[in-house]
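S.K.: Provided herewith is a single structure, encoded as C-alpha cells, for subsequent inquiry.
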Amino acid sequence: MTYNIKAYIKNGLGIIEPLSIKRDWMDKNKETAYKCFPVSSANVIGWGISFPEDISFIWDGEYGNGEDDFFDNHVKILSGEKYIRVNSSNITITFVTGISFQTDEDVSLLVSPIPNQFIDGIQGYSAIFSTSFYKDEIQSVYKILYPNKIITIKANTQIASILPISLTKLNNSTLEIFNFDKIKNNPYNNIEYGKSIAELNKEKKWANFYRNATDHKNNKLGKHEISLLNLKVIDCRDKNV
C-alpha cells in the first residue's frame, strides 16, 4: 500500500522535503554512526518541514501571571518572526508551517519532532491530525527548556516530521506477551554471537549482522521489509492542478 498525500503550501513559509539521513551528532562519528541500520532507517521515515531562514529567540524564564501578563510577553523573537508564534496561555511556541495536507479518510498524519535530531533548548510535541477533513495548516509545537539563552534553529533545519499512518489498520491490534526464553532458535541469545561482536568491536569493525539479516556465521535469518525507503516530493504548483 502506498499513500497519496497532497500538500498545499503558502509561498515564503515552510519547505517540505523527504527527511534527511544526516544528523549533526552523527556527522561527528561518521565511521560508525551511519552504519547503525536501525537508527539510519528511522532518520528517513517520513517528510520533514524546514524554513529558509534562521529562527532565533530568547525566553526570560517567566511564565506570566495569567491575568494581564502572559507567556508571550516573556519570549523575544530575534529573527525569523514570520515562522514562529508564541502561545500565550500554554507556554509553548508554534512553528508556522504554512502547509496544509490532504489524505484519504483511512489515513492520518503523525506530526512529530525529527527522529534522532536534538535541538538544544527546545523539546517538541507529537500530534495526530485527521487530514481527510482538517484543512488548516499543520502546526508543530515546541516547549522552551532553558531561560536566558538564545536558541537558534539554522535555516533549512528540519523541525517537524510528517508520517502517514492508518489508524484504521492499527485499531484493535493485539500485542501478546510471552517469556523471553520462549523464543526459538534465537541467534542473539548465543555466547558465540556475543563473542563475535566483542571481537569485531576490539578491531573497530562493524558487524553488519542486522543490516545483512544474518547471524555471526553468515546464515540468513530473514529479510528487511524495506532496505531503502524511497519517498518523493512532486511540485505541481506550476501545472494548474
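S.K.: What is the Cα coordinate range of the range 13-155 on the first, second and third principal axes, sorted by size from largest, in whole angstrom?
M.R.: 51, 42, 23
S.K.: Measure out, as a whole number of angstrom, how far apart the alpha-carbon centroids of the range 198-225 and the range 101-117 sit.
M.R.: If we compute the Cα centre of each part, the gap is 32 Å.
S.K.: Could you state the per residue volume, in Å³, of the convex hull enclosing the Cα atoms of the range 36-78?
M.R.: Working: hull volume 7.0 nm³, N = 43.
Roughly 164 Å³ of hull volume per residue.
S.K.: Applying the Karplus parametrisation 6.51 cos²θ - 1.76 cosθ + 1.60 with θ = phi - 60° to the phi angles of the range 6-13, what ³J(HN,Hα) value in whole Hz is obtained for each residue in order, glycine and proline being reported as x?
M.R.: For the range 6-13, the Karplus curve yields 10, 10, 10, 10, 7, 4, x, 10 Hz.
S.K.: Calculate, for the chain, the solvent-accessible area per residue in square angstrom, rolling a 1.4 angstrom probe over the heavy atoms of the protein chains.
M.R.: 66
S.K.: Could you work out what % of the accessible surface of the range 136-192 is carbon and sulfur, using a 1.4 angstrom probe and leaving DNA, RNA and ligands out of the count?
M.R.: Summing carbon and sulfur atoms, their accessible area is 52 percent of the total for the range 136-192.
S.K.: May I pose another question? Looking at the chain from every direction and averaging, what is the projected area of its Cα convex hull in nm²?
M.R.: Average of the hull's projected areas for the chain equals 18.5 nm².
S.K.: Given only helices, namely DSSP H runs of n ≥ 4 each adding -39500 (n - 2.57), what is the per-residue ellipticity at 222 nm of the chain, to the nearest 500 deg cm²/dmol?
M.R.: Helix-only estimate at 222 nm: -3000 deg cm²/dmol.
S.K.: Something else now. If packing is taken as the average count of other Cβ atoms within 10 Å, what order do 34-42, 175-183, 191-199 fall into, highest mean first?
M.R.: Top to bottom by mean Cβ count within 10 Å: 34-42, 191-199, 175-183.
S.K.: Taking the alpha-carbon distance from residue 204 and a cut-off under 16 Å, which lysines remain once sequence neighbours fewer than 8 residues away in the same chain are dropped?
M.R.: 30, 35, 195
S.K.: Remind me, relative contact order of the range 63-204 in percent, using alpha carbon pairs under 8 angstrom and six or more residues apart? If you can, show how the numbers build up before the last one.
M.R.: On the way: 180 pairs, mean separation 29.8, N = 142.
Result for the range 63-204 is 21 percent.
S.K.: Still on this structure: From the C-alpha gyration tensor of the range 182-241, pull out the three semi-axes of the equivalent ellipsoid (sqrt of 5λ each), sorted largest to smallest, in whole Å.
M.R.: 40, 16, 8
S.K.: How big is the dipole moment of the chain about its Cα centre under a simple scheme where the beta carbon of each Lys and Arg is +1, that of each Asp and Glu is -1, and everything else is neutral? Debye, nearest 20, please. Walk me through the numbers before you get to the answer.
M.R.: Values: 28 positive and 28 negative charges, 267 e Å.
Approximately 1280 debye in magnitude.
The values are calculated or read from the model by the stated rules, or taken from the named source; none is laboratory data. Given the structure is predicted, the values throughout are model-derived calculations rather than measurements. Using ideal geometry, Cβ is built from the backbone for each residue, glycine included, and neighbour counts are taken over all protein chains shown. Note: areas computed on protein heavy atoms with side chains; ligands, DNA, RNA excluded. Shrake-Rupley method; radii C 1.70, N 1.55, O 1.52, S 1.80 Å.
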